[in-house]
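Working notes for the structure below.
Here, each number is a calculation from the coordinates, and none is a lab measurement. Keep in mind it's a predicted model, so treat the numbers as computed, not measured. Heads up, the Cβs are rebuilt from the backbone with ideal geometry, glycines too, and the neighbour counts pull from every protein chain shown.
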Amino acid sequence: MKILFMGTSEFAVASLKALLETGHELCGVVTQPDQPKGRGYVMTPTPVKAFAQSLSLPVFTPASLRDGSFLSVLERFAPELVVVVAYGKILPASVLSVPPLGCVNVHGSLLPKYRGAAPIHHALLAGEEKTGVTTMYMDEGLDTGDMIFQAETVIALDDNFGTLHDRLAQLGGELLVKTVDCIAAKNAPRIPQTGPSCYAGMVDRQLRRIHFSETTGQTFGRIRAFSPAPGAYCLLGDKMIKVLASRPEEGSFTGEPGTVLDEKHLIVRTGDGALRLTMVQPEGKKPMSGESFCAGYRPKRLV
């Protein structure tokens with residue numbers, strides 16, 4: 001089967017690697033254009049482009065999917081199937097209608113839950129005990145197409161975005177191989193999405209802000225959802241403190257939310273308990289333990 005791959009982020013690389021290990025023909029890779037990164041704003045290729053170029057695969061970086069130049073690429077390569085993983089743009093009907101076997105997507109949640117750009121972050125924010133990946137046929141909606149297969153994983157208490165992202169990326173690659181093999185064999189199922197759904201919107205600075213008036217579980221979930229990067233944060237005076245790791249404290253606590261309850265250990269009062277901040281990064285500094293932070297900054301209250 002002749003396949004065109006579309007992806008951008010590191011999450012998509014695992015699926016591209018898995019696809020290359022099958023017997024199917026990969027006719028090309030489509031990814032987002034290079035973007036300026038770092039303090040020097042150096043133009044940097046996407047993770048998918050960097051990986052594809054390392055293997056001398058044909059790579060295309062269209063600025064738009066709606067103009068004639070991209071459609072001419074599709075017509076030239078004539079893929080039977082288009083695979084889309086974390087590409088970052090919604091495919092228009094003009095693209096969806098080209099491959100005779102359709103367009104399929106690997107999505108990092110158990111649909112219909114957490115449709116949208118940041119399903120892994122939002123699963124952690126919500127305190128979910130399990131999540132997974134879904135392969136689906138794409139339509140013009142936002143992650144609304146018929147499902148093909150799903151695979152689950154338990155979210156452990158020591159998981160954060162980084163560990164869960166990597167595990168789901170690997171799981172997605174494995175599920176993609178099963179999916180394309182079944183499509184090629186003409187026995188892939190089509191399962192309409194039913195049940196409650198929610199939108200997992202893009203991550204912004206406001207979503208990363210810690211509010212210690214929330215419950216211990218909510219605060220713990222917010223810290224996990226943005227670790228190791230870009231980091232949930234609070235303030236000490238006018239300085240931003242990223243919180244990279246924490247754990248709930250057992251016991252009965254008093255005091256206003258945000259109060260540091262221990263002079264040696266960074267144990268902070270929450271809305272219904274307390275949380276030990278085990279790894280933090282003060283603005284302009286390297287990550288450090290909560291104990292080192294207390295020794296150097298003598299915090300009384302975080303907001």
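Computed values, structure above
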item: Ala78 paired with Val154, simple spin-label distance in nm, labels 7 Å along Cα-to-beta-carbon; result: 5.1
item: About the Cα centre, charge dipole magnitude for the chain (Lys/Arg +1, Asp/Glu -1 at Cβ), debye; result: 800
item: Charge dipole of the chain about the Cα centre (unit charges at C-beta), most positive-ward option of Cys294, Gly251, Gly132; result: Cys294
item: Max mean-square fluctuation residue, GNM over the chain, Cα-Cα springs under 10 Å, options Leu236, Leu81, Leu91; result: Leu236
item: Chain lengthening between Arg66 and Arg276 when straightened (0.36 nm per residue, less Cα-Cα); result: 70.6 nm
item: Region 112-127 - phi-based ³J(HN,Hα) in whole Hz, Karplus 6.51/-1.76/1.60, Gly and Pro as x; result: x, 5, 6, 6, x, 7, 10, x, 5, 4, 6, 5, 6, 4, 7, x
item: Where the Cα pairs of region 142-184 fall when distances are cut into 10 Å bins, in %; result: 23, 44, 28, 5
item: Within a Gaussian network of the chain (alpha carbon springs, distance under 10 Å), most fluctuating of Gly237, Gly116, Gly258; result: Gly237
item: Fluctuation leader among Gln35, Gln218, Gln53 - the chain, Gaussian network, Cα springs under 10 angstrom; result: Gln35
item: The chain - convex hull of the alpha-carbon atoms, volume per residue in Å³; result: 140
item: P(r) tail fraction, region 53-155 - alpha-carbon pairs more than 24 Å apart, %; result: 32
item: Unit Cα scatterers, Debye sum, region 206-297: log10 I(q)/I(0) for q = 0.13, 0.20 Å⁻¹; result: -0.35, -0.89
item: Potential lengthening between Glu214 and Gln170 on full extension [0.36 nm per residue; Cα-Cα distance subtracted]; result: 12.5 nm
item: Counting DSSP beta bridges with both ends in region 2-184, the antiparallel % (nearest 5); result: 45
item: Paramagnetic reach from Leu235 (point 7 Å along Cα→Cβ, amide N under 18 Å) across region 256-285; result: 257-260, 281-284
item: Residue list for region 80-118, given a label point 7 angstrom along the Cα-to-Cβ vector of Ala126 and an amide N cut-off under 17 Å; result: 107-118
item: Entries in Lys37/Lys285; Lys49/Lys130; Lys113/Lys239; Lys17/Lys37; Lys242/Lys264; Lys239/Lys264 that, when Cα-Cα distance is taken, lie over 29 Å; result: Lys49/Lys130; Lys113/Lys239
item: Cβ crowding within 10 Å averaged over residues, with 136-145, 197-206, 8-17, 240-249 ranked highest first; result: 8-17, 240-249, 136-145, 197-206
item: Under 11 Å, Cβ to Cβ, from Ala225 - net charge with Lys/Arg +1 and Asp/Glu -1; result: +1
